[in-house]
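> Before anything else, here's the structure in question.
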Amino acid sequence: MTRFVSLSSGSNGNCYYIGNDDVSFLIDVGIGGRTIRKRLAQLGIDVSTVDFVLVSHDHVDHIRYLGSFTEHYHKPLFATKELHRALDSHFCTRGRLYGCVKEIEAGVTTECLGVKFTPFRVPHDAHDTVGYYIDFFGTTFTFITDVGAVTDEVVDYCSKAAHLIVESNYDRDMLLNGPYPPELQRRIMNGHGHLSNGQTAELLRKVAGKDVQSVFLCHLSENNNTPELALQSASAALQEAGATHILLKALPRRTCSELFEFEL
Ligand SMILES: [Zn+2]
Ligand SMILES: [Zn+2]
C-alpha cells in the first residue's frame, strides 16, 4: 500500500510525503520540522522514519526549513548539481547540509532503497527547477510544481504516471484583475513563472485517458485562485477527455490534505 499526503502546498510552504510501511521520502521542506513531525504523527507516521528528501528548486517556499531539517534528521538530500550549488549559498541552507548531499542528473533515473526517481527540467525562474517521475515499487507519480509552461517533456512524464501532482496556480482573470502589480503579473505569466488553471486543464486534456488514475492540484495561489475554480477547470478538461473515472483533488494550502492510499 502506497501512501501520499500533502503536508502543505502553496507559496506559504511546500512539503509532500510518499511512503509505505518500509520506505518513505519527502519532496521539498518549505514548512518547519515541528509542523512536519506533528502532521505526520496525526497520521500515525513517525518523521524519523522518513528515509530521504527530494528537492524541486531553490525558492524559499520549497526550502525554507531544509537546512534545519537536515541538521536535525541527517537524511540524504537529492538534487541536481546546479541546485546543490544554489543551496550552498542560499541563506536557508548555507553550511547546514553536511554530508547529506546526493547529486542527481536531469533525465537520469536514480534508485534509493528501491524507489526509482527521474528528475526532469521545467521552465521556472529559480537556479534550477525539476519535476520528478517516481516509481515507488510499481506505483507511479509525476510531480510538477512551479512550472512556467507545459513542455513536451512534461506531457511525456505526465502520460506515464498513475498519479499526478500538478500545479494549478492561478485563474487568469483573477490574476489580471487582482491586487498584483503589472510587473509581478507578467513574472507569473511569462513562461517561467507558474501554471494557470487553463494551462493545467490543457495538460490534463492531453494526458487523461492514458494511465492516469488521480490528479492532485497543487500550489494554488491564495490571491489569484480558489479551489473551486481550479477544480472546475480541471474537471471540465477531464470530462471533455472522457476521463471521468479519475480522482481529482485540490490540495489545501495551509493544512495537511487527507491521506491517500493506493494499491498497485
Ligand atoms: Zn513555489
Ligand atoms: Zn518557485
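The values are calculated or read from the model by the stated rules, or taken from the named source; none is laboratory data. These numbers were taken from a predicted model, which means no experiment stands behind them. Note that we place each Cβ from the backbone using ideal geometry, even for glycine, and neighbour counts take in every protein chain shown. We work out accessible area using only protein heavy atoms, side chains counted, and drop any ligands, DNA or RNA first. Shrake-Rupley method; radii C 1.70, N 1.55, O 1.52, S 1.80 Å.
> Does any residue of the range 59-75 turn out to be part of a strand (DSSP E or B), away from ligand 1 (no atom under 16 Å from the Cβ) and touching a helix residue (DSSP H, G or I) at 6+ places or on another chain (Cβ under 7 Å)?
No, the conditions are met nowhere in the range 59-75.
> Going by the conditions given, is Phe141 over 18 Å from Phe216 (Cβ atoms) and either at pLDDT below 95 or in contact with a strand residue (DSSP E or B) (Cβ under 6 Å, 6 or more places away or on another chain) (or both)?
no
> From the list Leu220, Leu264, exactly one residue is in a loop (DSSP other than H, G, I, E, B), touching a residue at least 12 places away in the same chain (Cβ under 8 Å) and open to solvent by less than 20 Å² (accessible area, probe 1.4 Å). Which is it? Explain how you work it out, then say what you get.
Numbers: Leu264 fails: open to solvent by less than 20 Å² (accessible area, probe 1.4 Å).
None of the other options fit; the residue is Leu220.
> Looking only at the range 15-30, decide whether some residue is touching a strand residue (DSSP E or B) at 6+ places or on another chain (Cβ under 7 Å), within 16 Å of ligand 1 (Cβ to nearest atom) and farther than 19 Å from His163 by Cβ. Let's see the steps before the verdict.
Within the range 15-30, the subset touching a strand residue (DSSP E or B) at 6+ places or on another chain (Cβ under 7 Å) is 15-20, 23-30.
Filter once more, so that each one left must be within 16 Å of ligand 1 (Cβ to nearest atom): 15-16, 26-30.
Keeping just the survivors that are farther than 19 Å from His163 by Cβ gives 29-30.
Yes, the conditions are met somewhere in the range 15-30.
> Every residue in the range 104-138 that is more than 16 Å from ligand 2 (Cβ to nearest atom) and in contact with a His (Cβ under 7 Å, 6 or more places away or on another chain), please.
none
> Working only within the range 31-50, note down all residues that are open to solvent by 10 Å² or more (accessible area, probe 1.4 Å), out of contact with any strand residue (DSSP E or B) (no Cβ under 6 Å at 6 or more places or on another chain) and in a helix (DSSP H, G or I).
Step one: of the range 31-50, the residues open to solvent by 10 Å² or more (accessible area, probe 1.4 Å) are 31-35, 37-39, 41-46, 48-49.
If we keep only those that are out of contact with any strand residue (DSSP E or B) (no Cβ under 6 Å at 6 or more places or on another chain) as well, we get 32-35, 37-38, 41-46, 48-49.
Gly33, Arg34, Thr35, Arg37, Lys38, Ala41, Gln42, Ser48, Thr49 - these are the residues of the range 31-50 that are open to solvent by 10 Å² or more (accessible area, probe 1.4 Å), out of contact with any strand residue (DSSP E or B) (no Cβ under 6 Å at 6 or more places or on another chain) and in a helix (DSSP H, G or I).
> Assess whether Leu248 counts as being among the hydrophobic types (A, V, I, L, M, F, W, C), touching a residue at least 24 places away in the same chain (Cβ under 8 Å) and assigned to a loop (DSSP other than H, G, I, E, B).
For Leu248, the condition - among the hydrophobic types (A, V, I, L, M, F, W, C), touching a residue at least 24 places away in the same chain (Cβ under 8 Å) and assigned to a loop (DSSP other than H, G, I, E, B) - is not met.
> Criterion first (in contact with a Leu (Cβ under 9 Å, 6 or more places away or on another chain), within 15 Å of ligand 2 (Cβ to nearest atom) and of a type in the set (D, E, K, R)) does Asp28 satisfy it?
yes
> Condition check: within 16 Å of ligand 2 (Cβ to nearest atom), acidic (Asp, Glu) and more than 23 Å from Phe4 (Cα to Cα). Does Glu82 satisfy that? Can you show your working first?
On the way: within 16 Å of ligand 2 (Cβ to nearest atom): yes; acidic (Asp, Glu): yes; more than 23 Å from Phe4 (Cα to Cα): yes.
Spelling it out, Glu82 is indeed within 16 Å of ligand 2 (Cβ to nearest atom), acidic (Asp, Glu) and more than 23 Å from Phe4 (Cα to Cα).
> Search the range 176-196 for residues that are over 16 Å from Ser11 (Cα atoms) and part of a loop (DSSP other than H, G, I, E, B) and pair each with any residue that is among the hydrophobic types (A, V, I, L, M, F, W, C) and away from ligand 2 (no atom under 16 Å from the Cβ) when their beta-carbon atoms are under 7 Å apart and the residues are at least 6 apart or on different chains.
That search, which allows pairs on different chains as well, returns nothing.
Yes/no per residue for (1) surrounded by fewer than 19 Cβ atoms within 10 Å (Cβ to Cβ); (2) within 16 Å of the chain's Cα centre (by Cα):
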{"residue": "Ile188", "(1), (2)": "no, no"}
{"residue": "Gly193", "(1), (2)": "no, yes"}
{"residue": "Gln199", "(1), (2)": "no, no"}
{"residue": "Glu202", "(1), (2)": "yes, no"}
{"residue": "Ser214", "(1), (2)": "yes, yes"}
{"residue": "Thr244", "(1), (2)": "yes, no"}
{"residue": "Lys249", "(1), (2)": "yes, yes"}
{"residue": "Arg254", "(1), (2)": "yes, yes"}
{"residue": "Ser257", "(1), (2)": "no, yes"}
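> Could you grab me the full set of residues in the range 102-126 that are in contact (Cβ under 8 Å) with a residue 40 or more places away in the chain and within 16 Å of ligand 1 (Cβ to nearest atom)?
Matches in the range 102-126: Pro123, His124, Asp125, Ala126.
> Restrict the check to the range 31-49 and report whether at least one residue is within 16 Å of ligand 2 (Cβ to nearest atom) and in contact (Cβ under 8 Å) with a residue 60 or more places away in the chain.
No, the range 31-49 contains no residue that is within 16 Å of ligand 2 (Cβ to nearest atom) and in contact (Cβ under 8 Å) with a residue 60 or more places away in the chain.
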